[in-house]
Amino acid sequence: MLSLEELEQDALRRHIPVMQKEGIFFLIEQLNKKGASSCLEIGSAIGYSAMMMVTHVDDLKVETIELDNDRYLEAVCHIREHHLEQRITIHHHDALTFDTQLLQHAPYDCLFIDAAKAQYQKFFEKYVPFVKEDGIIVVDNLDFHGMVFDIDHIKNRNTRQLVKKIKRFKDWIFQHENYDVEYYAVGDGICVIQRKDQE
Ligand SMILES: C[S@@+](CC[C@H](N)C(=O)[O-])C[C@H]1O[C@@H](n2cnc3c(N)ncnc32)[C@H](O)[C@@H]1O
């Protein structure tokens with residue numbers, strides 16, 4: 001069985017995107033600060049961030065959704081090997097078409113969005129109703145390796161389109177009248193979002 005540290009290294013070697021260490025510890029700090037007991041994650045990959053969360057936050061339950069079959073199966077294996085089945089519920093589905101009646105721990109203290117970057121707004125709008133009134137929404141990768149700040153110089157057309165979509169989400173959420181947003185230059189750029197007047 002691989003330790004969480006080894007899992008992270010192994011994922012990076014195989015180019016499976018997992019949250020940067022700085023980012024995951026920032027998320028864990030937010031969850032601990034809130035005394036969170038539940039988190040819904042969009043984008044499990046091989047289960048690394050979900051396992052990190054439950055092993056660093058007392059009594060936290062994570063429910064997580066993964067689209068890719070191989071990654072889902074690998075995540076299930078790791079969760080079993082680490083005996084974390086009671087703390088992590090994983091669904092194999094496209095989060096955009098997932099039947100929300102199947103969510104087991106709603107409402108959540110935290111929604112963590114870490115899946116297809118072009119779809120951030122759709123994930124947000126679909127799952128925010130399942131976040132507690134005073135809950136937080138954490139979104140990762142909002143800088144996209146700094147490219148968000150210099151879109152005109154991105155040569156590859158697909159990358160430019162993707163970065164534009166990330167920026168569109170960022171602008172949309174920052175201007176939203178119902179939410180307060182804090183941006184942190186941690187890892188690849190993280191936002192912590194809360195309904196207004198909840199602090
Ligand atoms: C950045 S990785 C997640 C990393 C993971 N949170 C970690 O830090 O260990 C993003 C994952 O989202 C998954 N994904 C992309 N689109 C999705 C969707 N519509 N529904 C569910 N998962 C999706 C991808 O297959 C990929 O494994």
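All of the numbers you see were taken from the coordinates with simple rules; none came from a lab. Just so it is clear, the model here is predicted, and its values are computed rather than measured. Neighbour counts run over all protein chains shown; Cβ positions are idealised from the backbone, glycine included.
Shape call for the range 107-183 from the C-alpha gyration tensor, a ≥ b ≥ c root eigenvalues: rounded (a/c under 1.5), prolate (a/b greater than b/c) or oblate? It comes out prolate by the Cα gyration axes. Give me the one-decimal nm value for the distance between modelled label points at Tyr184 and Asn156, 7 Å along each residue's Cα-to-Cβ direction. With each label placed 7 Å out from Cα toward Cβ, I get 2.8 nm.
With 10 Å bins from zero, work out the P(r) of the range 4-141 over every alpha carbon pair and list the percent per bin. The distribution over the range 4-141 is 12, 48, 35, 4, given as percents. With label points built 7 Å along Cα→Cβ from the Cα atoms of Leu96 and Asp58, find their separation and express it in nm. Placing both labels 7 Å beyond Cα along the Cβ direction yields 4.1 nm. Sequence-distant contacts, meaning Cα pairs under 8 Å at least 6 residues apart, place the relative contact order of the range 4-141 at 24 percent. From its DSSP helices (H runs of at least four residues, each -39,500 (n - 2.57)), the chain gives a residue-normalised ellipticity at 222 nm of -11500 deg cm²/dmol.
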